[in-house]
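A quick write-up on the structure given underneath.
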Amino acid sequence: MVQPSRILVIANAGAGTADEQALDAAVAILREHAEVEVRETSGPDELAAALTGSPDDERIVIAGGDGSIHAAVAALHRLDQLRGQEIGLIPLGTGNDFARTLEIPLDPRAAAGVAATGRAQPVDLVVDDHGQVTVNSVHLGAGAQAGKNGARWKERLGAIGLGKVNLGKLGYPIGAVLTALDPPSLRLRVEVDGRLVLDEDEPALMVAVGNGSSTGGGTRLTPAAQPHDGKADILVATPGSHVARLGYALRLPFGSHSQRGDVQMLRGETIRVSGDEFELNSDGEIDGPVRSRTWKVLPSAYSMVVPEA
């Protein structure tokens, strides 16, 4: 593996003190291996400007969580600069689920060592019919509602903090509990590679399209998903009664929900969902409501820098 001579680090301009300290430590590691430039961005326009025209010999390293890697990949996709790009990741988010799937260390210094010296692993990208991308996971129904509820608590608790502990991490489980108390029920038609797997006569609790295995800071929603096999893993959950939904929710943290009879786990390249209005949670970004959406897997769309095997 040829190490890069130049590294461009993209960081969040609004990061807190703890993240700034972690970033400084990570950048120090990167500078042991290459010339490093750090650009802090605070919105899509600044991010696009920072990424535009990145030289071929320059490796891009994202300092942030799933939302940050989502934003960077989306910007590169819009700029038509994604294919052939090598991207490193220093996990500074609250969930860091894509890093978990790729086995990138969650310690920023260790992750920086991987970003500078690791191997490039081609990874897939999920793109919908509106041109929006998903790096890790997109889900709707209970998953999207839990993410929406959790985002509010993540922001509130993240502003408090307790020493080096980011209390924003509690936002995800709080969102899941709130959603379990009043779960959504959607009438949806779900098709995978043209095959009907759910019709509107059976209410759905949630549907998920996973490129990565976990979401919400380690909940293995699509536990067998691998972002380099050319397919997405699809979850369709239809527990009907309150007891069944509670049982489903209790199994989620252990990844054993896929063993239930009211859960389908499928794999495919094209996924279409239509029916009742639904909101989407793509890598933590909420979109909608919409009545239909189609996702396709783009195999080996770019490369992530991962630990040497």
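The values are calculated or read from the model by the stated rules, or taken from the named source; none is laboratory data. Because the structure is predicted, anything quoted here is derived from the model rather than measured. Positions of Cβ are backbone-derived with ideal geometry, glycine not excepted, and every protein chain shown enters the neighbour counts. Only protein heavy atoms, including side chains, enter the accessible area calculation; ligands, DNA and RNA are left aside. Shrake-Rupley method; radii C 1.70, N 1.55, O 1.52, S 1.80 Å.
The conditions are (1) under 21 Å from the mean Cα position of the chain (by Cα); (2) within 25 Å of N211 (Cβ to Cβ), and L23 fails exactly one of them. Which is it?
(2)
Give the residues of the stretch 3-20 that are in a loop (DSSP other than H, G, I, E, B), surrounded by fewer than 20 Cβ atoms within 10 Å (Cβ to Cβ) and more than 23 Å from the chain's Cα centre (by Cα), sorted by residue number.
Residues satisfying the conditions are Q3, S5.
Within the set of pairs 6 or more residues apart or between chains, which connect a residue that is at negative phi and in a loop (DSSP other than H, G, I, E, B) inside the stretch 298-309 to a residue that is among the β-branched types (V, I, T) and open to solvent by less than 40 Å² (accessible area, probe 1.4 Å) with Cβ atoms less than 6 Å apart?
Going by the 6 Å Cβ cut-off, the qualifying pairs are P307/V114.
Among D229, D233, D201, which is in a loop (DSSP other than H, G, I, E, B) and within 25 Å of L125 (Cα to Cα)?
After applying the criteria, what remains is D229.
Answer yes or no as to whether A26 is in contact with a Pro (Cβ under 9 Å, 6 or more places away or on another chain) and of a type outside the set (S, T, N, Q).
So A26 fits the description; yes.
Which one is most open to solvent (accessible area, probe 1.4 Å) among residues in the stretch 268-286 that are at pLDDT 90 or above and closer than 21 Å to G216 by Cα?
Among them, the one singled out is E279.
So which strands (runs of 3 or more DSSP E) are wholly in the stretch 27-144 and hold at least 3 residues that are under 24 Å from Q226 (Cβ atoms), of a type in the set (V, I, T) and within 21 Å of the chain's Cα centre (by Cα)?
So the answer is 58-64, 119-128.
Against the definition (open to solvent by 20 Å² or more (accessible area, probe 1.4 Å) and either under 18 Å from G216 (Cβ atoms) or polar (S, T, N, Q) (or both)), how does H77 come out, yes or no?
No: the conditions fail for H77.
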